[in-house]
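The values are calculated or read from the model by the stated rules, or taken from the named source; none is laboratory data. Remember, predicted model here, so these are calculated numbers, not experimental data. Quick reminder, even Gly has a Cβ in these numbers, built from the backbone with ideal geometry, and neighbours come from all protein chains shown.
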Amino acid sequence: MESLKRLHPSRPRNALIAEVCFKGGYIDAWGRGTLKIMQSCKEAGLPEPEIIEQDGGILVTLFKDRFNEAELKKLGLNERQVNSLLYMAEGNQLTNAKYQELNNVGKSAATEDLQNLVLTGLIKQIGTKGRGSKYVLK
């Protein structure tokens, strides 16, 4: 499976899927389709597709956004951070007070968790520090 992430010889297992990808413009040369798909996902800020071999074939999972529970857990975030990012993915801004309310934690735990999310580049802080500070997805 790792060879699909670099230049490789092409041996399509499913000619129909290969033809659809070729006609859709995802493949311009044999052996480059998976590379283009991965690059497109990266450019769109999406997670890398999951490619696994299963039952003699290949299963490719494309993710529509990077803010889904499975992807967030892969980042090693704690449950509070995952819950808060999912809350924000619904279009909500977050304050320290709202983080405390959502996760039933104190101010210091909320501040530490939020600062870690800022450092990972998942969210950004807007406004001044303190009560005027809000957090949004990056």
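Determine, yes or no, whether Asn68 is of a type in the set (S, T, N, Q), more than 18 Å from the chain's Cα centre (by Cα) and more than 30 Å from Ser10 (Cα to Cα).
no
Suppose the filter is modelled with pLDDT of 90 or more, out of contact with any Lys or Arg (no Cβ under 8 Å at 6 or more places or on another chain) and outside any helix (DSSP H, G or I); does Leu85 pass it?
Criteria not met by Leu85.
Name the residue that is nearest to Phe67 (Cα to Cα), counting only residues in segment 94-123 that are out of contact with any strand residue (DSSP E or B) (no Cβ under 6 Å at 6 or more places or on another chain) and either among the aromatic types (Phe, Trp, Tyr) or not in a helix (DSSP H, G or I) (or both).
Leu122
State all residues of segment 36-59 that are surrounded by 13 or more Cβ atoms within 10 Å (Cβ to Cβ) and either at pLDDT below 80 or outside any helix (DSSP H, G or I) (or both); if no residue qualifies, say none.
Leu46, Pro47, Glu48, Pro49, Glu50, Ile51, Ile58
When you go through Asp65, Asp28 one by one, which is the residue that is at pLDDT below 80 and surrounded by fewer than 11 Cβ atoms within 10 Å (Cβ to Cβ)?
When all the criteria are applied, what remains is Asp28.
State whether the residues of segment 95-115 include one that is at pLDDT below 95, loosely packed, with under 14 Cβ neighbours inside 10 Å and on the phi > 0 side of the Ramachandran plot.
no
Considering each residue of segment 119-134, count those that are under 26 Å from Pro47 (Cβ atoms), of a type outside the set (Gly, Ala, Ser) and either out of contact with any helix residue (DSSP H, G or I) (no Cβ under 8 Å at 6 or more places or on another chain) or not assigned by TED's automatic domain parsing to the domain that holds Lys107 (or both), and give that number. Can you show your working first?
Step one: of segment 119-134, the residues under 26 Å from Pro47 (Cβ atoms) are 119-126, 134.
Adding the requirement that they be of a type outside the set (Gly, Ala, Ser) leaves 119-120, 122-126, 134.
Adding the requirement that they be either out of contact with any helix residue (DSSP H, G or I) (no Cβ under 8 Å at 6 or more places or on another chain) or not assigned by TED's automatic domain parsing to the domain that holds Lys107 (or both) leaves 119-120, 126, 134.
So the answer is 4.
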